[in-house]
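Here's the structure we're looking at; comments come further down.
Derivation of every value follows stated rules applied to the coordinates shown; laboratory data play no part. Bear in mind the structure is a predicted one, so any value in this text is a computation, not a measurement. Note: ideal-geometry Cβ built from the backbone for every residue, glycine included; neighbour counts use all protein chains shown.
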Amino acid sequence: MGKPTGFMEFTRSLPGKRPVEERIKDYNEFVNRYSDQQLNQQASRCMNCGVPFCHNGCPLGNVIPEFNDAVYRKNWEEAYSILSSTNNFPEFTGRICPAPCETACVLGINQPAITIEEIEKHIIEIAFEKGLVKARKPNLRTGKKVAVIGSGPAGLAAAAQLNYAGHSVTVYERDEKPGGLLRYGIPDFKLEKWVVERRVSLMEEEGVVFKCHANVGGNVKVNDLLREYQAIVLAGGSTVPRTLNIPGHDLKGVYPAMQFLKQQNKRNYQSDPLAFGDIESNIHHEAILANGKHVVVIGGGDTGSDCVGTSNRQGAASITQLELLPKPPEGRTPYMPWPTYPMTLKTSTSHEEGCGREWAVATKEFVGDANGQLKALRIVELQWTSSSDGRPAQFAEVPGSEREIPCELALLAMGFLHPQKEGLLAELGVELDERGNVKATEKQYQTNIPKVFTAGDMRRGQSLVVWAISEGRECARKVDEYLLGQSVLETKDAMLSLAI
Ligand code: FAD
């Protein structure tokens, strides 16, 4: 710990942001950087606790007090070395992680937590600027070939780790460019795409081969991969969206959120927003735009919030976000004590930019006009009762509360059910779990098919970037052990025991 009194002298402060009226005119990131002094002060707030709960809060086991200390001492080489020992892509998590480490920060018991996520972003960006991030090529090649299917954070992390272990790795991606949801889901205003490209270029320099427009189970045959590679990692994500089968669901103007977000992400890099290829089912081949429309986003999570930010930038006439659950409390309750991740009210930067939010409402009908175009939603208010642990348990419609709200564009952001089964998974005949995800344990990552492993949302179900990276790393270790009988790759458990 650099400064024993830091947490008493300084309070939590976040870097400034571009003003709302300016930032909604473009899709660029809008969070500024700390000054050197601010960064130093924020890092000095870390208490280097005897038992640092932040380690456990982080799915990667990031060694947080140690890198905070190095930042305080301005030892960038050390800070970068500690951070990159557990996290392949801090430039992603430093921008878009919901930071479960911060909710586990001991200071959070009675003061605002350390700004761990921001510190992480500063370490990696400073490391890039100072030329500390270099391509890490393996000294020796093992002669083993591994195929990774899917180039989201899980596939990228698995590929990077397996390449470090000396295996020859090829990543197959059905989309136009690598990145998965980092590129096509998360909007540029949260994660500019040069950040993804910078990392992919580095991995190419390290020896990883990327093959795009390569849909395994479609234009790339599963059996060819099984013949060519000694191991395969399935990291295809959880791509089938939850739908709302109520009257009017097939009207023009009702779309899954991902199609809307993906189109805008493509527009941002001048790619054809409608060119989805033949790879995803139920794709709408028309431009989905919010300009001038009353937009309703159904679903109160991250994806919904990204739709709000994108709709504001496209010039929507109004935006309303609907959530089935009741409004969460603003702070922790006895039922969500520190250091658990609390289900409290989240006001994202997209919410700050303007949108109406309604809780405890259900959509009963999409109402259309004579031309089959959506013109309104019929919604109803819900009365929730809680279970003994304080969680919302059951709901009933409030009699007489039905009403219509104007809506020409409804975006369904209610989460994802499971991976797409047709194509890759069906051809492999891989076993699925009761939720429809690829079955493999969190310890072994091995599917029922010999030499086929899985990681990320495809195994875990819809989750977070930080979990996808963690799964990719842990899965890579299992693949390495399978190929060589032992592994030199770090594991989360090994890093945590070293840190303590
Ligand atoms: P994905 O990122 O989904 O990548 C899977 C890849 O596999 C895709 O590129 C897909 O094209 C490819 N693929 C699938 N099948 C095949 C095949 N047969 N052949 C070849 N390629 C194939 N998490 C956060 O932590 N913070 C956020 O702010 C956040 N925002 C989000 C916003 C949105 C709109 C969405 C949808 C999710 C968000 N998430 C966020 C969740 C996070 O993006 C995912 O948990 C994470 O990307 C999962 O990583 P993955 O590698 O498992 O899968």
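Want the number for Asn32 to Trp338: 0.36 nm per residue separation, take away the alpha-carbon distance, what's left?
Full extension of this stretch gives 107.2 nm more.
Restricting to Cα pairs below 8 Å that are 6+ residues apart, what does the relative contact order work out to for the chain? Please round to a whole percent.
After rounding, I find 17 percent.
Counting only helical runs of four or more DSSP H residues, what would the 222 nm mean residue ellipticity of the chain come to if each run contributes -39,500 (n - 2.57) and the total is spread over all its residues?
My calculation for the chain gives -9000 deg cm²/dmol from helical runs alone.
Pairs of Cα atoms under 8 Å, at least six residues apart: use those to get the relative contact order of segment 347-500, whole percent. Don't jump to the answer; show the numbers that get you there.
Working: 182 pairs, mean separation 18.1, N = 154.
In percent, rounded to a whole number, it is 12.
What distance in nm separates the two pseudo spin-label positions at Lys327 and Ala275, each 7 Å out from Cα along the beta-carbon direction?
A separation of 4.6 nm, rounded to one decimal place.
Viscosity 1.567 mPa s, temperature 4 °C: Stokes-Einstein D of the chain from its Kirkwood Cα radius, in µm² per second? Don't skip to the answer; put the middle values down first.
Working: Rh = 24.0 Å.
Approximately 54 µm²/s, per Stokes-Einstein.
Relative contact order for segment 243-414: what percent, with Cα pairs under 8 Å and sequence separation of 6 or more? Provide the component values of the computation, followed by the final result.
Details: 335 pairs, mean separation 50.4, N = 172.
It rounds to 29 percent for segment 243-414.
Given Ala370, Leu484, Ile288, which one lies farthest toward the positive end of the charge dipole of the chain, if we put +1 on the Cβ of every Lys and Arg and -1 on the Cβ of every Asp and Glu?
After comparing all options, I get Leu484.
What does the convex hull of the Cα atoms come to per residue for segment 6-129, in Å³?
On the way: hull volume 14.1 nm³, N = 124.
So the per-residue hull volume is 113 Å³.
So how far apart, in nm, are the two label points at Asn245 and Lys134 if each is 7 Å from Cα heading toward Cβ?
Reported label-point gap for Asn245 and Lys134 is 5.8 nm.
Could you work out how much longer the chain between His213 and Lys17 gets when fully extended? Use 0.36 nm per residue separation minus the Cα distance between them, nm to one decimal. Write down the numbers at each step before the final one.
Working: separation 196, 0.36 × 196 = 70.56 nm, distance 3.68 nm.
Result for the pair: 66.9 nm of gain on full extension.
Kindly give Rg over Rh for segment 255-398, based on alpha-carbon atoms, with the Kirkwood expression for the hydrodynamic radius.
Rg divided by Rh gives 1.02.
Quick one: grab the alpha carbon gyration tensor of segment 195-247, order the square roots of its eigenvalues as a ≥ b ≥ c, and give me rounded if a/c is under 1.5, else prolate or oblate depending on whether a/b is larger than b/c.
oblate
So, with +1 on the Cβ of K and R and -1 on the Cβ of D and E, and no other charges, what is the size of the charge dipole of segment 115-220 about its Cα centre, to the nearest 20 debye?
520 debye
Using θ = phi - 60° and the Karplus curve 6.51 cos²θ - 1.76 cosθ + 1.60, what whole-Hz ³J(HN,Hα) does each residue of segment 305-316 get, with Gly and Pro shown as x?
For segment 305-316, the Karplus-derived couplings read 5, 5, 5, 4, x, 6, 5, 4, 5, 7, x, 4 Hz, x marking Gly and Pro.
If each residue of separation counts as 0.36 nm, what is the full-extension length gain between Arg141 and Glu286 once their alpha-carbon separation is subtracted?
In short, 47.5 nm is gained.
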